[in-house]
Amino acid sequence: MPIDLQPPPPTEQAQPAANASFDAQYEQARALANSGQPALALAAYNALLARSPGNVDVLLGRGIAYTRLERWAEAQADLEAAAHASPDYADVWLALGNLHQWQGQPEPAIAAYSRLVTLRPDEPSGWLARARAWRAAGKLPEARADLAQARSLGGNAAEIDPVEAALESEPALVAAVTPQPRAGNPEAALAAGYTWAASLAGNWLDVGSGPRWNDQTASVRRYMGRGSIGVETLRAHRFGQTGHAWALDAYADLWKGAYANLRYQRATSNRLFPQDAGRIEVWQALGGGWEASLSDDVLGFDARVNIYGASLAKYTGNWYVQLRHQNIVSEGSHSSGDRLLARWYYAGDADSYLEATANRGRSDDPLSLAGGQARSGGGSLTWVRYWSRDWGSKIGASFSRAANNGRNDARERGLSFGLYRRW
């Protein structure tokens, strides 16, 4: 059960007297609540609020009384008002977490308990409460991490051990990874306890001859109950030219086991970015940790380009492995490519991971001066690490080479960096 706010009951209880001082009436209201009389406590808190409207302590007490009477909406209204008035009042966040946990709403409970452990990082009770909520949400690695933190802070083993034993009896799936992280963009998944995220990323590419290419992307993303939506601004500098674009990128849950990625991008010109670009990809869970997707990207250059994709992926333990095939079709030419991706969530959560990719491609263009046949291949290695619950970073390296008719033509090497912030 979630931890309780009220102190042990005093030896005597009495209904509040009309002429009692405010402090005495408040203590009597607490005593009534703590002695299992929430209805009488509610009447007392109502009288106190009439004397001191908006009093945060009284709103907290009445919110707890409403919670015990299972008058959920009224409880939530009082507790949210108290949180708004006093956002650093830890007991309010504990009460909000308990309210949502008792209603079977683990995600908002996690959000409230996260605020609690931020305010009281050295108290094991908050970590234990959040561990219970993580478990209710099916996010076992996070639950285990919070239990370990509670134990390291000297938490009560009699409370921690039963939760830990229950976790060990759960199926050995990394629920924090399945299916929340979106295969194309792990940062698009909901990070429990947050509603916003921002990122700034850059990439530098050495193409072997001429100045290096570079591009940057800044984004802000809003998380919602069934998905997320991001706004991005993009910049690219290549061939001595600079281009800019903006994009809307959304992830949405569909039917059971399915979600979609929808994207629209618009550029100021079609020199470095397509004038207009759109994307749709639908993922479907197949059971046993498997999932598959179909996608279509439309790029609005002078000649329209379609990129048709299909992928098959598998979650196993802390690993995610994906094989993707793409066909790139434009007027008079056709290309295809394959990419193998392996992602290891080494911290046992859905935030920090190492990712490696290997890819190969083929292009057949009958109008090409090189005879119409080109081959390419490459790979990348990326490290994403959240140094705290709010801040993360990314560093990556890539390489590729292309050949025409068996002749090596170009080699490219790249470095990428990123910074993440959540709140």
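For segment 312-354, what relative contact order do you get, as a whole percent, if you take Cα pairs closer than 8 Å and at least 6 residues apart? Show your work: numbers first, answer last.
Numbers: 63 pairs, mean separation 13.7, N = 43.
The value is 32 percent.
With a ≥ b ≥ c taken as the square roots of the eigenvalues of the C-alpha gyration tensor of segment 212-328, please select rounded if a/c is under 1.5 and otherwise prolate if a/b is larger than b/c or oblate if it is not? All intermediate terms of the calculation are to be shown ahead of the outcome.
Details: a/c = 2.06, a/b = 1.73, b/c = 1.19.
Prolate, because a/c is 1.5 or more and a/b exceeds b/c.
Can you give the Kirkwood hydrodynamic radius of segment 218-260 from its Cα pairs, in Å with one decimal?
Over segment 218-260, the inverse of the mean reciprocal pair distance is 12.2 Å.
Measuring with a 1.4 Å probe in the full set of protein chains, what accessible area per residue, in whole Å², belongs to segment 253-334?
Each residue of segment 253-334 exposes 53 Å² on average to a 1.4 Å probe.
What full-extension length gain, to one decimal in nm, is calculated for H237 and R304 as 0.36 nm per residue of separation minus the Cα-Cα distance?
21.9 nm
Sorted by mean Cβ packing within 10 Å, highest first, what order do the peptides 124-134, 296-306, 43-53 take? Kindly include the intermediate steps, with their values, before the conclusion.
On the way: 124-134: 25.5, 296-306: 14.5, 43-53: 16.3.
Sorting 124-134, 296-306, 43-53 by mean packing, highest first, produces 124-134, 43-53, 296-306.
What ranking do 227-235, 96-104 get when scored by the average of other Cβ atoms within 10 Å per residue, highest first?
Per-residue Cβ counts within 10 Å, averaged per peptide and sorted highest first, yield 96-104, 227-235.
Please give the FRET efficiency for D253 paired with R222, using the beta carbon to beta carbon distance and R0 = 22 Å, rounded to the nearest 0.05.
That pair, D253 with R222, gives E of 0.90.
Which FRET efficiency value, to the nearest 0.05, do you get for Y89 and A157 by plugging their Cβ-Cβ distance into 1/(1 + (r/R0)^6) with R0 = 22 Å? Could the numbers behind the result be given before it?
Values: r = 29 Å, r/R0 = 1.33.
E(calc), rounded to 0.05, equals 0.15.
Please give, to one decimal in nm, the separation of the simple spin-label points placed at F22 and E107, each 7 Å out from Cα toward the Cβ.
Distance between label points: 4.0 nm.
Between R266 and H325, what length comes free when the chain is fully extended (0.36 nm per residue of separation minus the Cα-Cα distance, one decimal in nm)? Don't skip to the answer; put the middle values down first.
On the way: separation 59, 0.36 × 59 = 21.24 nm, distance 2.56 nm.
Value of the extension gain: 18.7 nm.
The values are calculated or read from the model by the stated rules, or taken from the named source; none is laboratory data. Here the structure is a predicted model, which is why all the values come from computation and not from measurement. Here the Cβ is made from the backbone with ideal geometry for all residues, glycine too, and neighbour counts use every protein chain on show. Protein only, heavy atoms only, side chains kept; ligands, DNA and RNA dropped before computing areas. Shrake-Rupley method; radii C 1.70, N 1.55, O 1.52, S 1.80 Å.
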